[in-house]
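Q: Take a look at the following structure, please.
The values are calculated or read from the model by the stated rules, or taken from the named source; none is laboratory data. Quantities reported herein were computed from a predicted structural model and do not represent experimental measurements. Glycine gets a Cβ as well: all are built from the backbone with ideal geometry, and neighbour counts include every protein chain shown. Note: areas computed on protein heavy atoms with side chains; ligands, DNA, RNA excluded. Shrake-Rupley method; radii C 1.70, N 1.55, O 1.52, S 1.80 Å.
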Amino acid sequence: MGSLFRSESMCLAQLFLQSGTAYECLSALGEKGLVQFRDLNQNVSSFQRKFVGEVKRCEELERILVYLVQEITRADIPLPEEEASPPAPPLKHVLEMQEQLQKLEVELREVTKNKEKLRKNLLELVEYTHMLRVTKTFLKRNVEFEPTYEEFPALENDSLLDYSCMQRLGAKLGFVSGLIQQGKVEAFERMLWRACKGYTIVTYAELDESLEDPETGEVIKWYVFLISFWGEQIGHKVKKICDCYHCHVYPYPNTAEERREIQEGLNTRIQDLYTVLHKTEDYLRQVLCKAAESVCSRVVQVRKMKAIYHMLNMCSFDVTNKCLIAEVWCPEVDLPGLRRALEEGSRESGATIPSFMNTIPTKETPPTLIRTNKFTEGFQNIVDAYGVGSYREVNPALFTIITFPFLFAVMFGDFGHGFVMFLFALLLVLNENHPRLNQSQEILRMFFNGRYILLLMGLFSVYTGLIYNDCFSKSVNLFGSGWNVSAMYSFSHSREEQKRMVLWNDSTIRHSRILQLDPNIPGVFRGPYPFGIDPIWNLATNRLTFLNSFKMKMSVILGIIHMTFGVILGIFNHLHFRKKFNIYLVSVPEILFMLCIFGYLIFMIIYKWLAYSAETSREAPSILIEFINMFLFPSSETHGLYPGQAHVQRVLLALTVLSVPVLFLGKPLFLLWLHNGRSCFGVSRSGYTLVRKDSEEEVSLLGSQDIEEGSNRMEEGCREVTCEEFNFGEILMTQTIHSIEYCLGCISNTASYLRLWALSLAHAQLSDVLWAMLMRVGLRVDTTYGVLLLLPVMAFFAVLTIFILLVMEGLSAFLHAIRLHWVEFQNKFYVGAGTKFVPFSFSLLSSKFSNDDNIA
């Protein structure tokens with residue numbers, strides 16, 4: 001169980017990179033993803049580091065590539081999918097790539113700018129033609145003049161817009177024509193009336209078709225307007241108001257001949273613009289298609305190059321030796337791969353002096369690396385959500401693979417529901433390579449990432465459903481019931497048995513609402529059901545009482561076993577970190593406290609199951625009363641479960657009482673004795689211990705790896721630890737808090753496992769209610785309409801089953817199973833105070849790049 005049982009053994013390595021080979025070496029390291037870099041320039045600002053210029057160049061190339069991707073996406077050109085990730089570009093090709101990208105950007109921006117200008121001019125000319133067409137109907141140019149004796153024409157008989165009338169008035173008439181958006185017409189007309197005091201006449205009409213706005217590109221409804229006014233001052237006001245309302249104003253022809261010439265010129269120019277615009281778009285698409293062939297690979301290359309320079313900025317620069325010094329965390333098993341990567345980088349750069357590495361001792365806590373695959377990744381994420389494991393401590397994820405889906409299934413036990421969940425997860429597993437599932441929405445992607453968790457949860461739910469004999473709230477009679485109803489009838493027994501036993505007859509069956517089966521009568525109970533709960537309990541009126549008793553005891557047994565296993569796993573941590581005194585002074589008292597009280601409770605439950613039969617069941621004492629009497633010492637003699645029970649309980653209680661002071665004071669007093677007996681004492685931290693050379697007891701706490709490192713390091717560590725003050729009060733307070741939390745937690749955590757019983761009961765009852773309210777009603781309908789009604793009832797039942805029982809109840813059981821692992825199980829041995837190992841790997845960057853590209 002190697003790396004999944006405990007995190008990888010790490011070492012701190014120092015890399016000496018020649019200036020000419022540093023880039024190639026880090027490129028090789030990034031492809032393999034073996035090391036995590038430490039920042040040796042934490043006190044140096046990001047703008048003052050060595051390779052800040054190269055990082056800015058990469059950001060500029062990123063900006064250009066983002067612009068290219070945006071233009072390619074806007075043109076609906078598909079981006080090719082890169083099967084193999086290209087390596088980081090060689091340094092000699094970076095300048096050439098930068099020049100090509102900059103030249104391509106300038107060319108694209110110029111072509112795009114010209115295209116936008118042509119498109120804007122085309123839209124303006126189209127608007128102008130629509131304006132001329134609509135305003136042609138506004139003026140009556142060929143109306144015959146009829147003489148009148150009035151100085152001014154009557155408004156009812158003549159239009160003020162008639163040229164002949166204007167000539168009679170001798171006024172200087174002006175026109176402003178154009179287009180305005182539909183929503184601004186009323187406000188525009190009102191503003192003209194107020195500003196010009198009624199000396200304008202506005203005529204407008206709605207265009208039949210929507211036009212694209214040249215400025216924004218939005219397709220909206222437009223109104224064509226024609227404003228007639230008298231005087232230059234009013235004309236200036238009209239033009240200013242048109243500018244304020246963003247009207248598109250166009251020159252208005254004075255004569256019909258001029259209108260015809262303008263119309264012909266517009267048609268010719270529009271045709272020319274269409275031709276030029278199509279050629280421009282074709283050329284732009286050719287440029288974008290050529291750029292799309294390499295843009296994805298260049299995006300990956302630039303991001304890799306940027307990541308390399310970020311790592312180089314974390315190195316210290318040695319001017320005298322002309323090399324870069326880097327410190328990295330590396331798994332010990334990957335050290336040969338690290339050396340090969342450095343040799344490969346030096347060979348690619350053609351350097352005469354190769355880069356090299358060596359390991360250095362350290363007392364710092366290394367990061368935690370636990371290697372996972374697609375099956376174990378989901379379970380490891382559940383553990384990491386509580387906290388990343390401390391370095392080299394036992395990893396709960398190995399056991400969570402079994403215990404998590406099992407505890408979920410105890411709360412979700414139903415054969416039918418579990419099988420549906422198993423089929424859904426199996427569908428995700430079989431189609432895990434489908435690209436749509438990897439790029440789906442967040443909720444579906446969450447289900448996809450946990451597909452193996454769902455698979456095991458469904459499989460275990462099928463198992464517990466068979467144990468509970470529950471399938472959509474109905475029992476399944478697979479092996480035949482162990483109870484025989486006919487044996488309860490009086491005619492099947494002799495006269496002596498009829499006198500001695502309470503049997504059924506015809507009168508009993510007619511007049512009794514409830515019939516009770518007596519297992520003491522021969523032939524009634526023929527033996528237990530081969531697997532799970534007997535299906536006859538589904539018909540019993542005391543079914544709920546029986547199942548509650550069974551599930552409650554089962555929950556207590558599973559909970560105590562789960563917590564005891566967590567305490568035992570803590571012993572493996574103490575053995576690994578060379579803290580054997582914790583085994584005798586912490587773990588053993590914890591196990592005694594747990595087993596002498598709650599382990600004895602399990603013993604009483606199992607003993608009662610085995611020792612008492614149906615004949616002696618009435619004589620069986622209550623386990624709850626016996627468990628309470630264990631602490632109360634009743635004066636009167638009680639009928640116990642077995643002979644000598646009182647003496648056994650007193651011994652167990654004495655061991656429990658004795659284990660409490662050892663748990664409270666054992667470790668602090670032992671550490672105080674060690675401190676007073678030695679002038680130098682080191683406390684093991686995360687597997688790294690610095691102790692004095694001539695201390696035998698302390699050397700026994702030291703890891704074998706640390707002993708082999710020699711005496712110099714230990715003497716050096718002794719001088720460092722001497723300055724640290726031993727605080728007995730702090731150690732005593734910490735151990736006291738831990739002991740109180742453990743003792744009280746044993747009680748509260750055991751009660752917490754009763755949620756297994758409660759949620760199993762809730763799931764079964766909710767499933768039963770759903771069946772009674774829907775399926776039972778549909779199945780009882782008359783046969784004439786039953787088939788027609790049964791189909792929608794079954795569809796509705798399926799929908800409610802999926803959303804209420806599978807999704808909501810499943811989520812509830814999932815969260816409770818997480819709580820049982822985080823709080824009740826992991827706090828017995830798991831600290832979870834480590835930092836995750838984040839390697840310098842290009843594979844992590846590639847996924848981010850694809851997401852960024854999709855967003856862009």
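Q: Six or more apart or on different chains, Cβ atoms under 9 Å: show the pairs whose first residue is in region 121-140 and closer than 13 Å to ARG269 by Cα and open to solvent by 30 Å² or more (accessible area, probe 1.4 Å) and whose second is of a type in the set (A, V, I, L, M) and part of a helix (DSSP H, G or I).
A: Qualifying pairs under 9 Å: ASN121/LEU273; VAL126/LEU266; VAL126/ILE270.
Q: Now, a different point. Can you tell me which of GLU99, GLU105 is surrounded by fewer than 11 Cβ atoms within 10 Å (Cβ to Cβ), acidic (Asp, Glu) and free of Cβ contacts under 8 Å to residues at least 60 places away in the same chain?
A: Within the list GLU99, GLU105, the selection yields GLU99.
Q: Another question, then. Which of the residues spanning region 170-200 are crowded, with 18+ Cβ neighbours inside 10 Å and assigned to a strand (DSSP E or B)?
A: Residues satisfying the conditions are PHE175, VAL176, SER177, GLY178, LEU179, ILE180, THR200.
Q: I'd like to know if region 381-391 contains one or more residues that are surrounded by fewer than 16 Cβ atoms within 10 Å (Cβ to Cβ) and in a helix (DSSP H, G or I).
A: yes
Q: Going residue by residue through region 561-569, is there one that turns out to be more than 19 Å from PHE412 (Cβ to Cβ), modelled with pLDDT under 95, open to solvent by 70 Å² or more (accessible area, probe 1.4 Å) and among the β-branched types (Val, Ile, Thr)?
A: No, region 561-569 contains no residue that is more than 19 Å from PHE412 (Cβ to Cβ), modelled with pLDDT under 95, open to solvent by 70 Å² or more (accessible area, probe 1.4 Å) and among the β-branched types (Val, Ile, Thr).
Q: Just for region 322-350: of the residues that are of a type in the set (Asp, Glu) and touching a residue at least 24 places away in the same chain (Cβ under 8 Å), which one is farthest from MET10 (Cα to Cα)?
A: Applying the filter and picking the extreme gives GLU348.
Q: Suppose the filter is open to solvent by 60 Å² or more (accessible area, probe 1.4 Å) and within 22 Å of HIS576 (Cα to Cα); does ARG371 pass it?
A: yes
Q: Of these, LEU547, LEU632, which one is closer than 22 Å to SER752 by Cα and modelled with pLDDT under 95?
A: LEU547
Q: Check whether at least one residue in region 313-327 is in a helix (DSSP H, G or I), out of contact with any helix residue (DSSP H, G or I) (no Cβ under 6 Å at 6 or more places or on another chain) and among the charged types (D, E, K, R), and report yes or no.
A: no
Q: I've got another one for you. Can you tell me which residue in region 513-539 is nearest to SER613 (Cα to Cα), limited to those that are within 53 Å of the chain's Cα centre (by Cα) and of a type in the set (Gly, Ala, Ser)?
A: Across region 513-539, the extreme among qualifying residues is GLY527.
Q: Name every residue in region 205-216 that is open to solvent by 40 Å² or more (accessible area, probe 1.4 Å), under 14 Å from HIS248 (Cα atoms) and assigned to a strand (DSSP E or B), in order of residue number.
A: The one that is open to solvent by 40 Å² or more (accessible area, probe 1.4 Å), under 14 Å from HIS248 (Cα atoms) and assigned to a strand (DSSP E or B): GLU212.
Q: Limited to region 771-787, what total is found for residues that are free of Cβ contacts under 8 Å to residues at least 12 places away in the same chain, open to solvent by less than 70 Å² (accessible area, probe 1.4 Å) and either under 16 Å from MET411 (Cα atoms) or aliphatic (A, V, I, L, M) (or both)?
A: Qualifying residue count for the region: 2.
Q: Can you tell me how many residues in region 326-367 are open to solvent by less than 50 Å² (accessible area, probe 1.4 Å) and of a type outside the set (Val, Ile, Thr)?
A: The total comes to 19.
Q: Looking only at residues that are of a type in the set (D, E, K, R) and in a helix (DSSP H, G or I) in region 218-238, which one is modelled with the lowest pLDDT?
A: GLU232
Q: Specify which of the listed residues (LEU61, LEU34, LEU29) is open to solvent by less than 60 Å² (accessible area, probe 1.4 Å), in contact (Cβ under 8 Å) with a residue 24 or more places away in the chain, in contact with a Phe, Trp or Tyr (Cβ under 9 Å, 6 or more places away or on another chain) and part of a helix (DSSP H, G or I).
A: Result of the check over LEU61, LEU34, LEU29: LEU29.
Q: Something else now. Within the group LEU790, LEU761, LEU744, which residue is at pLDDT 90 or above and either touching a helix residue (DSSP H, G or I) at 6+ places or on another chain (Cβ under 8 Å) or surrounded by 14 or more Cβ atoms within 10 Å (Cβ to Cβ) (or both)?
A: Checking each option against the conditions leaves just LEU761.
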